[in-house]
Structure formats: C-alpha cells, structure tokens
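Enquirer: Got a structure for you, questions after.
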Amino acid sequence: MAEKAVVPVGVRLSTDIEYRPDRVNPYRARVRWFDPATKRRLSLSEGKADEDEAQEWLQSVIEAAQAGLSPSLATMKLAEYGDANMNLALRGLELKTLDPYLAGWRMRVVPALGHLAVRMITNGAVDRTVQNWIADEHSRSTVKNTIAVLVRVMEQAVRDGIIKVNPARVTGWQKLYKQAEDELLDPRALALPDWETLVALADSLVAASHDQYRGWGDVVIFAACTAARIGEISGCRVGDIDTTQWIWTVRRQTTPAPGGLTDKGTKGKRARKVPIVEEIRPLVAQHILSAGPNPDARLFTGPRGGRISTAVLRDATHWDDVVTKLGYEHLRRHDLRHTGLTWFADAGVQVHVLRRIAGHGSLTTTQRYLHPDVHKITAAGAALSAHFTALRAPRSLPSPIVMTR
C-alpha cells in the first residue's frame with residue numbers, strides 16, 4: 001500500500017541543488033522535511049541532467065506538499081506505485097482476468113511508463129504509448145487488457161490524492177487498428193525520400209545500439225527494400241530465399257504472444273513473393289552464409305540469436321531518439337513498409353503487381369501508394385467510364401397520360 005499523505009499544508013520544506021560533475025546526471029535536487037508522525041527528518045533526492053530540470057523537480061515536490069502530499073508519494077514512480085497498490089487496483093476482478101492484466105502491466109506498462117512519476121503521466125504520454133503498442137502489432141485484446149490495468153492503477157492514484165484526473169482513460173484507440181489494417185489514408189507522406197536517407201538511418205541506429213550490432217541496420221534496409229513488416233522479416237528462414245531468381249517467399253511472421261514471441265502465418269494467411277533488389281543481395285547473401293546450411297535457420301536475429309520484433313528493434317536501437325535527431329520524429333518501424341511500397345510505385349510497378357507484393361486484400365489500399373498524378377489519370381478514366389455507363393443506360397419512358405371524364 002502506498003504511503004498516505006503525511007505532509008499537512010504549511011509544513012516547511014528545505015531544498016537544495018548540488019552539482020556533482022562526475023555523475024551522468026550531475027545536478028542532484030534534494031528536499032528535506034520533518035515527518036509529523038515520527039518526528040524524524042526525512043529527505044528525498046533525484047539526479048537531473050541540468051539545473052533547469054532539477055528546479056522543475058523541486059517545484060513539483062513543493063506544489064505537492066502544499067496540496068498535502070508527502071514528497072516520497074508525490075515523486076513515486078509508476079512501477080513502484082503499481083506494485084505497491086496492485087491488489088487494491090485489481091480488487092473485484094475474476095481470477096481469469098488477472099493473468100492478462102498482470103501480463104500487460106509487466107510486459108508493456110512498466111517498460112513504457114514505469115520510469116515516470118505518477119504525477120508526471122499525462123494524457124499525451126498515454127496516447128503515444130498506446131500508439132506504440134498498436135505499432136508494435138499487439139492484438140486488440142492485448143492492448144485492451146493493458147489499458148485496463150493502467151486505468152485501474154491510475155484510478156487508485158486518484159483515490160490516494162496523487163492526481164486529480166485519470167489520464168489513462170483514452171478513447172478512440174480502436175480506430176487506430178482500422179487505420180493499421182487499411183494501412184493509412186496517405187502512406188506516401190510517411191515514406192523516406194531516398195536510398196541515401198535509408199542508409200543514413202540504418203547507420204545511425206547501429207551506432208546507437210549496444211556493441212553497434214550491424215544486424216539492426218540490415219533489418220531496416222531489408223524492410224524498406226522489400227516493403228515487409230518487421231514481424232515477417234523475423235519469421236524469414238534461409239529456405240524462404242531463392243538466390244537463383246532472388247525472390248523471397250513470405251510465409252510467416254513473428255508476433256507477441258503470452259510468454260514471449262511466437263511464429264504464425266502471414267497477416268493475410270497467404271504466402272506471397274517479394275523481389276530482392278540488387279542493392280541488398282550482398283547483404284542477404286552474407287546473412288545466408290552466416291546462418292549456415294540449415295534451411296530453417298532464421299535469416300535475421302538479434303545479437304544473441306533471438307527472435308526480433310518491432311518493439312525489440314525500437315528499444316535496442318533507441319529508435320525514437322535517433323529518428324528525432326535525424327528530423328524524422330514521426331517515423332515508426334512500420335513506415336519502412338510504407339517506404340518500400342512507395343518506392344515500388346514510383347518505379348512504375350503496375351498496381352496489380354504491387355498489390356501482390358504488398359499482400360493487400362483490397363486494391364484501394366494499394367492505390368494509395370500511387371503518385372498523385374497517377375491518381376488524377378485513373379480518376380479521369382473512371383469519370384469517362386461513368387459517362388459511358390450513363391449513355392448506355394436505358395432511358396425511361398414518360399408516364400402515360402390518363403384521361404378522366
């Protein structure tokens with residue numbers, strides 16, 4: 001159970017900031033106060049990157065104390081608060097519901113938001129986190145259960161007086177799945193502009209990763225050049241690559257599941273063939289050589305040989321920080337697929353062939369990748385067809401005139 005508010009309004013706090021140049025976060029902000037119950041002098045401190053951050057932290061503690069919250073409760077991280085109050089937050093739930101809720105908390109909420117103080121979690125932070133879960137291709141039920149446990153924990157924080165409004169009560173997130181399933185209304189806007197930008201992105205991600213693992217950059221380049229999903233790349237085996245015709249038969253994908261990652265069929269439940277362009281053939285050949293003679297060996301793995309996922313790629317390469325520094329803060333892992341399909345379309349690949357490469361169920365989805373000028377031309381053709389249809393339509397005869405006496 002979390003510590004109850006023990007700092008009544010008016011209790012005096014003493015604060016200071018100490019500069020320690022030998023630390024990663026050299027500015028230590030510290031607050032001290034007397035606990036009225038125990039008569040003991042207590043203190044709380046936290047390291048910050050600069051003096052402004054330290055001042056902001058102290059101000060937040062002071063404001064919380066003025067509202068009657070103890071500094072330790074006001075600055076408590078979400079992971080710590082949730083673990084201490086989970087029984088209260090989940091009271092009344094059936095046993096069969098507890099497992100998916102607790103899994104959502106452990107596997108998604110804590111890694112994404114657990115490092116933040118409960119009072120610092122905003123609606124925007126929750127919105128972006130939910131979008132990341134959807135981009136990481138978690139199922140609807142998984143995201144629903146994860147949001148539900150977060151809502152319950154934050155609701156307990158409301159009861160404890162830490163926050164006034166529950167920021168986890170997000171709405172409209174189901175619509176994001178519809179967009180993901182239908183791709184996006186304007187996927188071209190999310191595509192990288194050219195090959196040089198793609199290579200620069202891959203190199204930057206490798207440089208930011210632990211031990212500069214080159215495999216992360218290879219996955220990124222392969223994804224953009226094949227217009228494939230990260231899960232499909234993880235599911236690719238050596239035997240799926242035809243090095244005679246340089247064609248990849250996409251048969252499976254790696255997806256999150258209870259207990260970890262698992263392999264299953266492709267999103268459309270059908271295998272599809274994707275060309276491997278000349279620019280990435282040496283890369284693919286090197287991975288085939290490294291994988292060995294087993295046709296069931298994975299073409300791409302993590303640095304320790306494990307399966308990869310879009311979330312693994314994001315965390316291992318510090319994706320969000322890297323793309324922001326490069327000026328592509330909107331870019332998500334799935335946008336590599338948008339990049340590849342946009343490039344194929346701009347290269348003049350016919351729309352029905354592009355649809356097969358993408359594995360789209362609807363031609364309308366594929367057409368969104370065509371250049372706007374092509375859209376105008378096809379729209380003109382559709383208008384002419386509609387005109388011919390109108391001309392061929394039988395004309396209705398006028399109603400007969402009925403004579404009355």
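Condition check ((1) farther than 22 Å from His334 by Cα; (2) surrounded by 15 or more Cβ atoms within 10 Å (Cβ to Cβ)) across all residues:
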residue	(1), (2)
Glu94	yes, no
Val109	no, yes
Arg119	yes, yes
Ile134	no, yes
Asn145	yes, yes
Asp160	yes, yes
Lys164	yes, no
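Enquirer: Right, next: Take Thr366 and decide whether it is within 25 Å of Ile230 (Cβ to Cβ), part of a helix (DSSP H, G or I) and open to solvent by less than 60 Å² (accessible area, probe 1.4 Å).
Expert: Yes.
Enquirer: Report whether or not His371 is more than 24 Å from Ala271 (Cα to Cα), in contact with a helix residue (DSSP H, G or I) (Cβ under 7 Å, 6 or more places away or on another chain) and either at pLDDT below 90 or crowded, with 20+ Cβ neighbours inside 10 Å (or both).
Expert: The answer is yes for His371.
Enquirer: Any idea which of Thr243, Thr262 is at pLDDT 95 or above and either at negative phi or open to solvent by 30 Å² or more (accessible area, probe 1.4 Å) (or both)? Walk me through it before giving the result.
Expert: Details: Thr262 fails: at pLDDT 95 or above.
Selected residue: Thr243, the only one of Thr243, Thr262 that is at pLDDT 95 or above and either at negative phi or open to solvent by 30 Å² or more (accessible area, probe 1.4 Å) (or both).
Enquirer: Also, quick follow-up: For the stretch 30-56, which positions are open to solvent by less than 20 Å² (accessible area, probe 1.4 Å) and either of a type in the set (Ser, Thr, Tyr) or within 24 Å of Leu113 (Cβ to Cβ) (or both)?
Expert: Passing the criteria: Val31, Ala54.
Enquirer: Please identify the pairs in which a residue from the stretch 13-29 that is surrounded by 14 or more Cβ atoms within 10 Å (Cβ to Cβ) has its Cβ atom under 9 Å from the Cβ atom of a residue that is among the aromatic types (Phe, Trp, Tyr), counting only partners at least 6 apart or on another chain.
Expert: Sorted first by the residue in the stretch 13-29, then by its partner, the pairs are Leu13/Trp33; Ile17/Tyr27; Pro26/Tyr19; Tyr27/Tyr19; Arg28/Tyr19; Ala29/Trp57.
Enquirer: Of all residues in the stretch 50-70, which are at negative phi, at pLDDT below 85 and not in a helix (DSSP H, G or I)?
Expert: Within the stretch 50-70, Ala67, Leu69, Ser70 meet the criteria.
Yes/no matrix, rows are residues, columns are (1) under 26 Å from Arg368 (Cα atoms); (2) open to solvent by 80 Å² or more (accessible area, probe 1.4 Å); (3) at pLDDT 95 or above:
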{"position": "Lys269", "(1), (2), (3)": "yes, yes, no"}
{"position": "Val277", "(1), (2), (3)": "yes, no, yes"}
{"position": "Leu283", "(1), (2), (3)": "no, no, yes"}
{"position": "Pro293", "(1), (2), (3)": "no, yes, no"}
{"position": "Gly305", "(1), (2), (3)": "no, no, no"}
{"position": "Ala311", "(1), (2), (3)": "no, no, no"}
{"position": "Asp321", "(1), (2), (3)": "no, yes, no"}
{"position": "Glu329", "(1), (2), (3)": "yes, yes, no"}
{"position": "Phe344", "(1), (2), (3)": "yes, no, yes"}
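Enquirer: Can you name the helices (runs of 4 or more DSSP H) wholly within the stretch 71-161 that have at least 2 residues being under 24 Å from the mean Cα position of the chain (by Cα)? Let's see the steps before the verdict.
Expert: On the way: elements: 71-74, 78-89, 95-104, 110-113, 123-135, 140-159.
Result: 78-89, 95-104, 110-113, 123-135, 140-159.
The values are calculated or read from the model by the stated rules, or taken from the named source; none is laboratory data. Values in this document were obtained by computation on a predicted structure and should not be read as measured data. As a convention, Cβ positions derive from the backbone with ideal geometry for all residues, glycine included, and neighbour counts pool all protein chains shown. The area values use the complete protein model at the heavy-atom level, side chains included, leaving out ligands, DNA and RNA. Shrake-Rupley method; radii C 1.70, N 1.55, O 1.52, S 1.80 Å.
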